[in-house]
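Okay, so here's the structure we're looking at.
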Number of protein chains: 4
Amino acid sequence: MVMRIKVGVLGATGSVGQRFVQLLKDHPFFELEVLAASERSAGKKYSEACYWYLPESIPEDIGEKLVVPTDPDHKAFEDVDIVFSALPSDLAKELEPEFAKRGKLVFSNASAMRMEQDVPLVVPEVNPEHFEVLEIQRENRGWDGGIVTNPNCSTICAVITLKPIMDKFGVEMVNITTMQAVSGAGYWGVPSMAILDNIIPYIKNEEEKMESESLKILGDLKNGKFHYASFKIGVSCNRVPVIDGHLESIFVKTVEDAEPEEIVKVMDNFDPLKDYNLPTYAKPIVIRKEIDRPQPRLDRDNGRGMSITVGRIRRDNIFTVKYTALEHNTIRGAAGASILNAELYIKKYL
Amino acid sequence: MVMRIKVGVLGATGSVGQRFVQLLKDHPFFELEVLAASERSAGKKYSEACYWYLPESIPEDIGEKLVVPTDPDHKAFEDVDIVFSALPSDLAKELEPEFAKRGKLVFSNASAMRMEQDVPLVVPEVNPEHFEVLEIQRENRGWDGGIVTNPNCSTICAVITLKPIMDKFGVEMVNITTMQAVSGAGYWGVPSMAILDNIIPYIKNEEEKMESESLKILGDLKNGKFHYASFKIGVSCNRVPVIDGHLESIFVKTVEDAEPEEIVKVMDNFDPLKDYNLPTYAKPIVIRKEIDRPQPRLDRDNGRGMSITVGRIRRDNIFTVKYTALEHNTIRGAAGASILNAELYIKKYL
Amino acid sequence: MVMRIKVGVLGATGSVGQRFVQLLKDHPFFELEVLAASERSAGKKYSEACYWYLPESIPEDIGEKLVVPTDPDHKAFEDVDIVFSALPSDLAKELEPEFAKRGKLVFSNASAMRMEQDVPLVVPEVNPEHFEVLEIQRENRGWDGGIVTNPNCSTICAVITLKPIMDKFGVEMVNITTMQAVSGAGYWGVPSMAILDNIIPYIKNEEEKMESESLKILGDLKNGKFHYASFKIGVSCNRVPVIDGHLESIFVKTVEDAEPEEIVKVMDNFDPLKDYNLPTYAKPIVIRKEIDRPQPRLDRDNGRGMSITVGRIRRDNIFTVKYTALEHNTIRGAAGASILNAELYIKKYL
Amino acid sequence: MVMRIKVGVLGATGSVGQRFVQLLKDHPFFELEVLAASERSAGKKYSEACYWYLPESIPEDIGEKLVVPTDPDHKAFEDVDIVFSALPSDLAKELEPEFAKRGKLVFSNASAMRMEQDVPLVVPEVNPEHFEVLEIQRENRGWDGGIVTNPNCSTICAVITLKPIMDKFGVEMVNITTMQAVSGAGYWGVPSMAILDNIIPYIKNEEEKMESESLKILGDLKNGKFHYASFKIGVSCNRVPVIDGHLESIFVKTVEDAEPEEIVKVMDNFDPLKDYNLPTYAKPIVIRKEIDRPQPRLDRDNGRGMSITVGRIRRDNIFTVKYTALEHNTIRGAAGASILNAELYIKKYL
């Protein structure tokens, strides 16, 4: 018996939307049925509605599909069980609940609902038990469907590397400076005049998101309530002239002292999903031993863009250790994150 | 009476050497007399010996000068009182003492002698009293001249911003992640294939230099001995695709608590050299209030490349404050640093 | 007696508008009185209405000025004699005639009116005699003022280098491939995702403009009618990841044969405005002899951005000669072009 | 029966050498036996001898191989039948004949021997019949082996697109301006300081190579003598800040007039190797219909880097048509070109 689940993508023409399409096009059990976007795009062929910016060509049959409006009542969504959302935050806030109300499971990359008390914010290797809050969400809101969110791109990179450290040694303080790729801001987000031969030391709301989301994800869900993690975290975010791949300088003070080699070991062994046989799965952390890795252009595609690459794990004078982590921000940090959530949810609960 | 001091530049054809030439060409009291470089360049016209990479043209009379070898006994150095050194470290270690022995004052940008017990490592706004150790140096080594060093480019940016904080509030811990321009590695240092659409999370010896040099500079000289500063400092260094301008995310824990506005104020008021009338002087710290500044391309030339630009001074969850600082690495961070040292030394001691 | 002429800038907040402001701020006889922009900006301080993208700071007194709407009847324009236009083409078509009707002299960088039969399209070193058609324009249209246009950025670079060749040897065929900087498309014109590690081999309408404008400019005005130049010209335009500076590979077949050295000579001697003492004037063509020049980053600021830099003048197998020319596209190719037109017009006719 | 041919790579650690390794690692009938490089690398593991700059990891078994010196008498070459050469030109001139003398077939990407009267310069889709001159070469030089060369990267891009035009309409004149990626100059070839925010309008010997090689390749071999093609060709070469992918603006005057659509058609139908079943084969020309393609980052990997992508085929005012062509310069333009030559030669002659 082959499982086939019909899915739709909201915000399908944008840069994260295109990654959803790319990752879903040959998916073994998700069938990409609906491509939804703004009124301006609706009614056009997908290949005409979007400026496809990925190197590999737009899949031909998908290019021919007609884009529908992101209207929860549009009949195109009738047969769809899951929608992946790459909507901008304000639209997500308005529309995702409408889809959930109509019985759809929404796996959302938008920030709108992430910090709600009854919405799971999940990185599947880190806190899959948070899915449980979905029941409370349905009860609270009277929905047949539900909303599952994944964190901000730069949060995902951080928490995947922090989780094995926390489990073994405890985490007391975390300091992060990010160097984030332009694709994180969407196709039109960063003008070339702003970033060629330059860095922008500011990304709107990014530091706040990283600081609050990390504590929710690495916290506990007890009796239906989230108890946030209690370590201190301070972040500084920068935009750099790199196409794809967020790089993060991470400093961690552990509760129990840990040698760099021990950190290497717990990271390398961290692999909680390896037996689930999920199509989008890759080893969550790849360790590079060279002194000058990870590098965005050379390492972002490790694990088909789903692995975090970590290197330069070493002692620090203030924190216990420091290291550099890299994530493909539009795959592991966005579309791939939502899809891996959906895959795991289905394996566990359906 | 007009003071004229004849000077030479060692390593005049490299990227820092060219900045020395640019900054010295119309200097009111330094007369650029000798351009010295490796045997390969010696005997050629300067304009032919070096690939001039700066936008403004090579000054014509300087382009016509013949390059001499970096031989301390070469007769070209006879009339020279000061030599500026942009030599690679190994050559500096060997040759700078020879020049000092022959009575020259060496103002060196090289790292070779910086951490020696009797060598001043000076940022003129920060620790000009360290010049005093020169007397001990002369005594120890039997030199008529002497060697004064300036720190590594990324150290200068950090200590200039830390000094006014330390003076007012005390400093307990400092955490820095740098994003450094390619010119810091010299013209041939970073291949384009290594850095286009990329970041390299490693610069050889850079973290060690920043950590040790900062403590020497911000420490005290008492009875001819250096007492290093006692705060903790941890650094992570990265190379980014930017031509000029090192950007640093700096986190500081102060001894006494300080509001961000107070930090802004002490930085803005920090101006210990303003009455010396030094030709290369500019206000040491320029504060930008915009949320997304400083940026390398827009701010590196503030104060003709001699000002550190600081922005985003704000609270942090672990440290007292965090901010972003920018320095023109080949001017303020290298050639300009040596020249400002020489200018102040002359005003104070000659 | 000091001449003072009050001027305004239409479209003052955009990338060309900012160059107008930069070039006019200390102008000896133009007084920058009015900064006009869209309704969205009107009423705000200039420093708040625009994202100032130039390295040097926004002039303080100008930053404080209030932006007015681009309404020809706005009272701010009452005392203004000249308006410089950096309007988008559609707005230019509608508004520039209204300003001319109200007695203003409009010096426009917009493309809307360039090819009109009674509108001069002038590069002041090349075809200043075309100003004469202004009289016919006023007669035809019943205007007290008038509209003078300058060509597209990449056209200016080409025609300045072609003019001295045409005068001496005649021109039969011209082939050009351009490599154009991102600033030519305006601040938001080229997303970083489109151009990092990339080239876009297409710029809308650019090839057509270069082909038609060149023939008008290098043609004759006889008895009030334009006779276009008769040489053949074919162009291919590309966008490259460079901030400022359009580079053009130009191939020219002359009527009479010409040695490369002769081409060098006529270009180097080409200097028809040198005796006019115009504030924005610089030597129109700077020749670089090095084998690998001109280069955008190193040569775009020659002549304060007003000189075209030419190099690699050599024989070709099909054409008589080929060479590489570089222009600062937002100074010489836009704002500076309009201002130099205005300066010459005033010297000649007022 | 499975054909296995043992091969070696000369210059295996450089940027083209790495592409050879990448393309040969899972080859169906070439077995990569010997990795040869300079004395400095010899004796080290390949993974230690080279800085592997490609995104995908170095194949593990190959990384473990010991590098041997490029000594034709080294016993490692004993069992090898074919050597691929990525040597610098001066070494190639000296060493390739020595390998040929010892019975090896040398498929060389070096320029040293390309224009020799008895050396085939082959693009397999264009002039495979030139292989025939190998017999004369062996006779002339008394070799058991032989040398087959492929052209310069930017020549290959041009001649593949010119061949179908020439066959159908004849070619009278060709004008090309190139925009070439930095990888074409090797890993250390273009410093980042030279090319960030910049273009270099010069590549040593490149224009001469394109002009002469094109005429040899598109010429005839009759009675063992090359008769060069007789069209005129003029070229201008530029280096741009792009990692991989040479872009060329090509203008062609045909003997018989041709509509753009006809050019599209002959290019699209051009596929002389499709029935040979060669492992490295891909459709030689891919046509993109979008107005702004091909683009290096989006199109260089078409056909696994072996297809030339062509777009913007349109009328010109001087030439019959103009178009833009793109080639992955280190695959189709270098390593892949040599390997495809070898594959075809083996299919035809062994």
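The values are calculated or read from the model by the stated rules, or taken from the named source; none is laboratory data. The shown structure was predicted, so the numbers you read here are calculated from the model rather than taken from an experiment. Neighbour counts run over all protein chains shown; Cβ positions are idealised from the backbone, glycine included. Areas reflect the complete protein model, heavy atoms only, side chains present, ligands, DNA and RNA absent. Shrake-Rupley method; radii C 1.70, N 1.55, O 1.52, S 1.80 Å.
Just need log10 I(q)/I(0) for chain D at q = 0.06, 0.09, 0.13, 0.15 Å⁻¹, Debye formula, equal scatterers on the alpha-carbon atoms, no solvent, rounded to two decimals.
Values returned for q = 0.06, 0.09, 0.13, 0.15 Å⁻¹ are -0.20, -0.46, -0.98, -1.30.
Quick check: the distance between the Cα centres of the range B:216-277 and the range D:19-52, to the nearest angstrom?
Rounded to whole Å, the Cα centres lie 48 Å apart.
Using a 10 Å cut-off on Cβ atoms, rank the peptides C:102-114, A:201-213 from the highest mean neighbour count down.
Values: C:102-114: 23.2, A:201-213: 19.6.
Highest to lowest by the protection proxy: C:102-114, A:201-213.
Among B:Asn277, B:Leu196, B:Gly305, whose Cα lies farthest out toward the positive end of the dipole of the range B:153-328, if unit charges sit on the beta carbon of Lys, Arg (+1) and Asp, Glu (-1)?
B:Asn277
Got a sec? Which residues of the range D:284-299 lose 50 Å² or more of accessible surface with every protein chain in place, vs. that chain alone, 1.4 Å probe?
Residues of the range D:284-299 that lose at least 50 Å² of accessible area once the other chains are added: D:Asp292, D:Gln295, D:Arg297, D:Leu298.
From the cross-link list A:Lys322/B:Lys216; B:Lys232/B:Lys348; B:Lys265/B:Lys322; C:Lys65/C:Lys104; C:Lys216/C:Lys289, which pairs have alpha carbons spaced over 26 Å apart?
Details: A:Lys322/B:Lys216 23 Å; B:Lys232/B:Lys348 32 Å; B:Lys265/B:Lys322 15 Å; C:Lys65/C:Lys104 21 Å; C:Lys216/C:Lys289 31 Å.
Result: B:Lys232/B:Lys348; C:Lys216/C:Lys289 exceed 26 Å.
Enter the accessible area of A:Ser89 (Å², nearest 10), with the probe set to 1.4 Å and all protein chains included.
Ignoring ligands and nucleic acids, A:Ser89 comes out at about 50 Å².
Using a/c under 1.5 as the rounded threshold, could you call the range D:153-328 rounded, prolate or oblate? The axes a ≥ b ≥ c are square roots of the C-alpha gyration tensor eigenvalues, and prolate needs a/b larger than b/c, oblate otherwise.
Details: a/c = 1.42, a/b = 1.33, b/c = 1.07.
The shape class here is rounded.
Once you have all Cα-Cα distances for the protein assembly as shown, histogram them in 20 Å bins from zero and send the whole-percent values.
9, 33, 39, 17, 1
Sorted by accessible area with a 1.4 angstrom probe, largest first, how do D:Ser38, B:Ser230 fall? Numbers along the way, then the final one.
Working: D:Ser38 55, B:Ser230 115 Å².
Highest to lowest solvent-accessible surface, that is B:Ser230, D:Ser38.
Which residues, if any, in the range A:188-216 lose at least 30 square angstrom of accessible heavy-atom surface (probe 1.4 Å) when the other protein chains sit next to their chain rather than the chain being alone?
Correct list: A:Trp188, A:Pro191, A:Ser192, A:Met193, A:Leu196, A:Asp197, A:Asn198, A:Ile199, A:Pro201, A:Tyr202, A:Glu207.
Between A:Met3 and C:Lys93, what FRET efficiency comes out of the Förster formula 1/(1 + (r/R0)^6) with R0 = 56 Å and r the beta carbon distance, rounded to 0.05? Provide the component values of the computation, followed by the final result.
Details: r = 59 Å, r/R0 = 1.06.
Calculated value: 0.40.
Taking 10 Å² as the minimum loss, tell me which residues in the range D:230-247 lose that much accessible area going from the chain by itself to the full protein complex (1.4 Å probe).
D:Lys232, D:Ile233, D:Gly234, D:Val235, D:Ser236, D:Asn238, D:Val240, D:Pro241, D:Val242, D:Ile243, D:Leu247
Please average, across the residues of B:85-96, the number of beta carbons from any other chain that are within 10 Å of each residue's own beta carbon, and give a whole number.
Working: counts 0, 0, 0, 0, 0, 0, 0, 0, 0, 0, 0, 0.
Whole-number average of other-chain Cβ neighbours for B:85-96 is 0.
For the pair A:Leu54 and A:Asn205, how long in nm is the line joining their label points, each one 7 Å along Cα→Cβ?
2.6
Give me the dipole magnitude in Debye, nearest 20, for the range C:153-329 about the Cα centre, with unit charges on the beta carbon: positive for Lys and Arg, negative for Asp and Glu.
Details: 23 positive and 25 negative charges, 36 e Å.
Magnitude of the dipole: close to 180 debye.
How much solvent-accessible surface does A:Cys237 expose, in Å² to the nearest 10, with a 1.4 Å probe and all protein chains in place?
Surface accessible to solvent at A:Cys237 totals approximately 0 Å².
Can you pull the percent of the protein assembly as shown's accessible area that's carbon plus sulfur, 1.4 Å probe, other chains left in place?
Details: 23120 of 49110 Å².
Here carbon and sulfur together make up 47 percent of the probe-accessible area.
Nothing charged except the Cβ atoms of Lys and Arg (+1) and of Asp and Glu (-1): what's the magnitude of the dipole of chain C about its Cα centre? Round to the nearest 20 debye. Walk me through the numbers before you get to the answer.
On the way: 42 positive and 52 negative charges, 70 e Å.
That gives a dipole near 340 debye.
Can you grab the distance from the C-alpha centre of the range A:310-346 to the C-alpha centre of the range D:316-350, Å, no decimals?
41
Normalised by the number of residues in chain A, what is the relative contact order in percent for Cα pairs under 8 Å and 6+ residues apart? Mind showing how you got there, number by number?
Numbers: 792 pairs, mean separation 58.1, N = 350.
Reported relative contact order: 17 percent.
If each DSSP helix of 4+ residues adds -39,500 (n - 2.57) and the sum is divided by the residues in the protein assembly as shown, what number results at 222 nm, nearest 500 deg cm²/dmol? Intermediate results must be reported in sequence, preceding the final value.
Details: 44 runs with 408 residues, N = 1400.
Mean residue ellipticity at 222 nm (helix-derived): -8500 deg cm²/dmol.
Between copies, how far apart are the B:Gly142 label points? List them in nm, one decimal, shortest first, with each point 7 Å from Cα toward Cβ, please?
6.9, 9.7, 10.0
When each copy gets a label point 7 Å from Cα toward the beta-carbon at C:Glu78, what are the spacings between them in nm, shortest first?
With the label placed 7 Å along Cα→Cβ, C:Glu78 yields 6.8, 7.6, 10.2 nm.
Using a probe radius of 1.4 Å on protein heavy atoms only, what is the accessible area buried between chains B and C, both sides summed, to the nearest 100 Å²?
Numbers: alone 15370 and 15410 Å², together 29670 Å².
The B and C chains share an interface burying roughly 1100 Å².
Would you mind calculating the relative contact order of the range C:153-329 from Cα pairs under 8 angstrom and at least 6 residues apart, reporting the percent as a whole number? Write down the numbers at each step before the final one.
Values: 368 pairs, mean separation 50.8, N = 177.
Answer for the range C:153-329 is 29 percent.
What's the magnitude of the charge dipole for the protein assembly as shown around its Cα centre, counting Lys and Arg as +1 and Asp and Glu as -1 at the beta-carbon? Answer in Debye, nearest 20.
About 0 debye.
Could you give the distance between the Cα centres of the range B:128-162 and the range D:95-119, to the whole Å?
With the range B:128-162 and the range D:95-119 each reduced to a Cα centre, they are spaced 59 Å.
Farthest toward the dipole's positive end in the range A:21-62, which of A:Ala49, A:Phe30, A:Pro59, given Cβ charges of +1 (Lys, Arg) and -1 (Asp, Glu) about the Cα centre?
Projecting each Cα onto the dipole axis, the largest value belongs to A:Ala49.
Out of the DSSP beta bridges found with both residues in the range A:153-328, what percent are antiparallel (nearest 5)? Before the final figure, lay out the partial values.
On the way: 24 of 35 bridges.
Around 70 percent of the beta bridges assigned by DSSP in the range A:153-328 are antiparallel ones.
Please report which chain C residue places its beta carbon nearest the axis carrying chain C onto chain A, with the distance rounded to a whole angstrom.
C:Ser192, 2
Considering only the protein assembly as shown, what is the antiparallel percent among its DSSP beta bridges, to the nearest 5? Spell out each step's value before the answer.
Details: 102 of 230 bridges.
The antiparallel proportion sits near 45 percent.
Which order do B:Met306, B:Met173 take by accessible area at a 1.4 Å probe, largest first? The partial results should precede the final answer.
Working: B:Met306 5, B:Met173 30 Å².
Heavy-atom accessible area, descending, gives B:Met173, B:Met306.
Along Cα→Cβ at 7 Å, what distances in nm separate the B:Tyr51 label point from those on the other copies, shortest first?
Here B:Tyr51 shows inter-copy label distances of 1.5, 3.4, 3.5 nm.
If I ignore ligands, DNA and RNA and count only protein heavy atoms, how much of A:Arg314 is accessible to a 1.4 Å probe, in Å² to the nearest 10?
40
Over the protein assembly as shown, with the other protein chains present, what is the accessible area per residue in square angstrom, probe 1.4 angstrom? Before the final figure, lay out each step's value.
Values: 49110 Å² over 1400 residues.
Per-residue accessible area for the protein assembly as shown comes out at 35 Å².
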